[in-house]
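Below is one structure, written out as structure tokens, with a few remarks after it.
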Amino acid sequence: MPLDARAKLVLLLLALGVVAFTAVRALHVQVPSDLASLPILAFFSLYRMTLAYLLALVFSLAYGYYAATHAQAGKIMVPLLDVLQSVPILGFFPAAVLLIISAMGGSALGIEMAAIFLIFTSQTWNITFGVYESILTIPRELKQVTESFGLRRLLYFEKLVLPSVMPKLVYNSTISWANGWYFLIASEIISLGSVKHKLPGLGSFLVETTASGDLGGTFAGLFVLVSVILALDLLVWKPLTVWSEKFRYEASAGARPTSTAYRFFKWSPTFRTAKQRLTRAMEWLFDEVEKGLDYYDELMKHAWIASIVSWATKGVLLLLGALALNTLGGLLLLVWEIFTQPLPPQAYDIPLALLYSFGRLVAAYFISLLWTVPTAILISENHAAQRFLIPVFEVAAAVPATALFPIIVLVVIRFTGDLNFAAILLLLTGMQWYLLFNAIVGARNLPSELETVAKSFHVKGIPYYQKFVVPAMLPSLVTGSVIAFGGGWNALFVSEYVAYGGKVYSTFGMGSLLSIATYQLGSFKLIFLTLAAMILFIFAINHFFWRRLYNYVLKKYRVEY
């Protein structure tokens, strides 16, 4: 379907806007970090968040689809995803500094790219897990129908896969977007020992005002942040959530959430026209890609072209293999230096620090379960509560933990004398929202026909939740638990190491070790050892516990029609 001239003009203007902004950043234009510049700082942060989210969306759809549709590859890709989503954002700092910033000569554009990469790592894993789970839980009957109609490749993806993943994709995008705000602070000030790169934005503004004890500046920045979050929730995420509900699998119609903004967008002539043009643009894109694939199939019928493509593929694979071997060689050299030279004194604290941090994570997880599961059930059954509570939770989920430091330092630490209890509170901010939003999706996965059956047999109270609601939400709850622990490992470095008012408050654990190695020592050895220990520990837990529990729950409680 060809695009009209107006649609092409809009796409061109958007592309020119991105190029113009990139050029401005490449010139290293200085932006003041003061109260008057907060709107500009908010724009810079929103720009990075949007680009990182678009990259995360493309990656998640491609990665999740391939892992779910290729069983053998999935056996490697899913455990790898478990590990990647559990690596703290500080763990990507060396890659961001060495591979991106250094490659760009320390330019402002290189620092922008590094920040976008770091925000990407805080957003993408949650979305990818949602896509993977949604594809696995597509009813077999629907797959058989699409196969009987001969749908393949992009048409199969467009007509079956994309609608199937849409509800969980939107929900997980909401929490991933909030998670991007949560780690925006770490992404806009990239520190590695004495090396420090700062970008203009709300995150860096909040770091500076918090570290200096400027409560007025902190709360002003927090007010702007919350205002941006509320506006996006009202104008973007809430309408998208309502729209995504029409893709739920049900044999009978059920109640749907509502949104004033969604109704406005739906009936507004301007937005209806925009929707039609966007739909035509997407159909045009799918058609063009499908034509390209068909043309590629035709070319591959010629033996000499197939031979050239084969040799070119081998060449690319050899090049990638050489790069991988070079990286592996560097890691092996680092490992050799670690084990042949004296270890940093802090390295001997890693096993005990791992146990301390894991204990805090378990405590925060069970505290989160106590309130998220009942709240998710309440929201799934009460549309009035849903309209009021979900926006509140989305805003709370996006508030960076650093913004809570003044309250924690002034109240919790003053009464308890240390950071142990405060660390668990901060870990809650990095774990509970994954559990809540996944539990909400799971509770709403209960088909309306099963609700009708329960009412027909007068099943109420605890038996109703035990036999119907909890089984329906278990697959999503287990997924949320895996992601919550990943978020918890990520949140360790802001929970166990706090800078406020010119002072540093820390408690013994992996987060404080990694923060010391990154911010104070700049020790690659200690960073490598800390991350290696965390990755091995996380992989063991995910492989021997969470993955087996997920497979059991998926097999036992999967809804079929």
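The values are calculated or read from the model by the stated rules, or taken from the named source; none is laboratory data. Computed from a predicted structure; not experimentally measured. So basically every Cβ, Gly included, is an ideal-geometry build from the backbone, and we count neighbours across all protein chains shown.
Before moving on, here are some points about what is shown:
- Test set (1) surrounded by fewer than 11 Cβ atoms within 10 Å (Cβ to Cβ); (2) in a helix (DSSP H, G or I); (3) modelled with pLDDT under 85 - Ile338 fails condition number: (1)
- In region 1-87, counting only helices (runs of 4 or more DSSP H) that sit wholly within it, the ones holding 3 or more residues that are surrounded by 14 or more Cβ atoms within 10 Å (Cβ to Cβ), modelled with pLDDT under 80 and not small (Gly, Ala, Ser) span 5-26, 71-84.
- Any chance Ser227 is in the same structural domain as Ile40 (by TED's automatic domain parsing), under 25 Å from Tyr47 (Cβ atoms), touching a strand residue (DSSP E or B) at 6+ places or on another chain (Cβ under 8 Å) and at pLDDT 80 or above: no
- Being in contact with a Lys or Arg (Cβ under 9 Å, 6 or more places away or on another chain), surrounded by 13 or more Cβ atoms within 10 Å (Cβ to Cβ) and modelled with pLDDT of 85 or more holds for only one residue in Ala376, Ala364, Ala353, Ala347, and it is Ala376.
- Tabulated pairs, region 57-75, first free of Cβ contacts under 8 Å to residues at least 60 places away in the same chain, second hydrophobic (A, V, I, L, M, F, W, C), C-beta under 8 angstrom, 6+ apart or interchain: Tyr66/Ala73; Tyr66/Met77; Ala73/Ala67; Gly74/Ala67; Gly74/Ala68
- In region 165-189, the residues that are under 18 Å from Ile483 (Cβ atoms) form Cβ pairs under 7 Å with partners that are not in a helix (DSSP H, G or I), at six or more places apart or across chains, as follows: Pro167/Arg248; Trp181/Pro400; Tyr182/Pro400.
- Residue match in region 461-479 (condition: of a type outside the set (A, V, I, L, M), in contact with a strand residue (DSSP E or B) (Cβ under 8 Å, 6 or more places away or on another chain), farther than 19 Å from Leu369 by Cα and modelled with pLDDT of 70 or more): no
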